[in-house]
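The values are calculated or read from the model by the stated rules, or taken from the named source; none is laboratory data. Nothing here was measured: the structure is a model prediction, and the numbers come from that model. Cβ placement follows ideal geometry from the backbone for every residue including glycine, while neighbour counts extend to all protein chains displayed. Ligands, DNA and RNA are stripped out before the accessible areas are found, and what is left, the full protein with its side chains, is counted by its heavy atoms. Shrake-Rupley method; radii C 1.70, N 1.55, O 1.52, S 1.80 Å.
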Amino acid sequence: MLRTEILTDLEQVCESQAFILGPKVGELEERIADFTGSKFGIGTSSGTDAQVLILMALGIGPGDAVITTPFTFFSTAGTIVRVRAKPFFVDIDPASLNLSVPKLEEFLKTECVTSESGVRTRDGFNVRAVIPVHLFGLCADLAELRRVCHQWKLSLIEDAAQALGALFPDGDRQIKAGSVGAAGFFSFYPTKNLGAFGDAGLVVTSDPDLAKKLQVMRNHGMEPKYYHEAVGGNFRMDALQAAVLLRKFGHLENWSKKRWSIAQRYQSGLAGLGIGLPVEPYHESCGWRGHIYHQFVIRTPQRDQLRAALNEQGVGTEIYYPLPLHQQRCFQDLGYRTGDFPIAEQTAKECLALPIFPELTDDEQAMVILKIREFFAR
Ligand SMILES: Cc1ncc(COP(=O)(O)O)c(C=O)c1O
């Protein structure tokens, strides 16, 4: 059914010959902006490109510093280096695995110098932005991040690549991932809760000036045609991807809810084994939307043995992420050392993502739980 609908939509795009941007992308931008409670959506060629685009549109570049987490997918920091700014890492919270806001404040207070022109790192970089990642589908502490960024006059950019639709409690309301910062972005990489048939991403913002810049910079800074006010790039979304995403978008809530139900069965089935299980700090006020479980990640010091045992039984698992970013070879010249971010380093040694996708059957999941219980009973 869904397959037929998508194929029909793809055929329509082919017939229209409008392959880049166009009405399908416009419709998706509106729907995602609306869904997240943001005023504008800007479709991009990937989540990575969405982040490069935001950094460029905010004028972040050489001489600037951007603070982020070392425990995330590479692109969160890779994009900062690509615009020739310098990433500074702050360790994660051991329960949520998201950027620790107390540690962020400590970094700003003890490692930075404030003057009339703003905040500078000791080595002279202008601190411009903070990029939290809503890891595995759980929002970072957005209320606290908003407060700290406001206080220190920093741009908050949300890496919501894994968290489309995740809610965060804000007083007596709930806010959606991506909508709190100056800008937020999503990835539609095929394995995401909403996945395209290739690469695609999207930026949301409620700032009209920034939205305009993002729209122009996404297309080589071109406005009007063949006149360039600024150097942007080709960060445009394909209409074929937009068509797929629009059709699948109608199922997102249901799919994310299913993921949450699967997560609940893991939570109860794996309780009492002494392994670290995902936390749901926003459940009381946000219900199942408080964690959309892009991944279900457990922690155990016996991670590698458990993974091998599960693999032997035909259970596929994955490690997100085996090496924190400050320890990556390409970032050696940032000057970090092993031991600088102990929580991220420990988590990288212990984390294991279990199978979670809407189509996972009860029997398949019961087998995974049984195999894990057998492993710990040995
Ligand atoms: C946390 C995070 N940030 C950024 C990205 C980059 O998105 P994309 O793969 O669409 O470029 C991803 C996705 O893979 C991600 O998981």
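Quick look at the values:
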item: Residue list for the range 42-56, filter: in contact with a helix residue (DSSP H, G or I) (Cβ under 6 Å, 6 or more places away or on another chain) and open to solvent by 10 Å² or more (accessible area, probe 1.4 Å); result: Thr48, Met56
item: Any chance Ala50 is in contact (Cβ under 8 Å) with a residue 12 or more places away in the chain, closer than 19 Å to Leu210 by Cβ, part of a helix (DSSP H, G or I) and in contact with a Lys or Arg (Cβ under 7 Å, 6 or more places away or on another chain); result: no
item: Single unsatisfied condition, Leu7 versus (1) in a helix (DSSP H, G or I); (2) buried (at least 20 other Cβ atoms within 10 Å of the Cβ); (3) away from the ligand (no atom under 16 Å from the Cβ); result: (2)
item: Within the range 284-311, tally of residues that are surrounded by fewer than 15 Cβ atoms within 10 Å (Cβ to Cβ) and within 24 Å of the chain's Cα centre (by Cα); result: 2
item: Candidates Gly165, Gly124, filtered to the one that is of a type in the set (Gly, Ala, Ser) and surrounded by 15 or more Cβ atoms within 10 Å (Cβ to Cβ); result: Gly165
item: Residue in the range 348-359 that is farther than 30 Å from Asp141 by Cβ, open to solvent by 20 Å² or more (accessible area, probe 1.4 Å) and free of Cβ contacts under 8 Å to residues at least 40 places away in the same chain present; result: yes
item: Cross-chain or 6+ apart pairs with Cβ under 6 Å, the range 250-261 first and outside any helix (DSSP H, G or I), then open to solvent by 50 Å² or more (accessible area, probe 1.4 Å); result: none
item: Conditions (1) part of a loop (DSSP other than H, G, I, E, B); (2) farther than 15 Å from His294 by Cα; number of the one not met by Ile157; result: (1)
item: Residue match in the range 71-78 (condition: modelled with pLDDT of 95 or more, within 16 Å of the ligand (Cβ to nearest atom), crowded, with 23+ Cβ neighbours inside 10 Å and not in a loop (DSSP other than H, G, I, E, B)); result: yes
item: Unmet criterion (only one of (1) within 14 Å of the ligand (Cβ to nearest atom); (2) of a type outside the set (S, T, N, Q); (3) open to solvent by less than 10 Å² (accessible area, probe 1.4 Å); (4) in contact with a helix residue (DSSP H, G or I) (Cβ under 7 Å, 6 or more places away or on another chain)) for Ala239; result: (1)
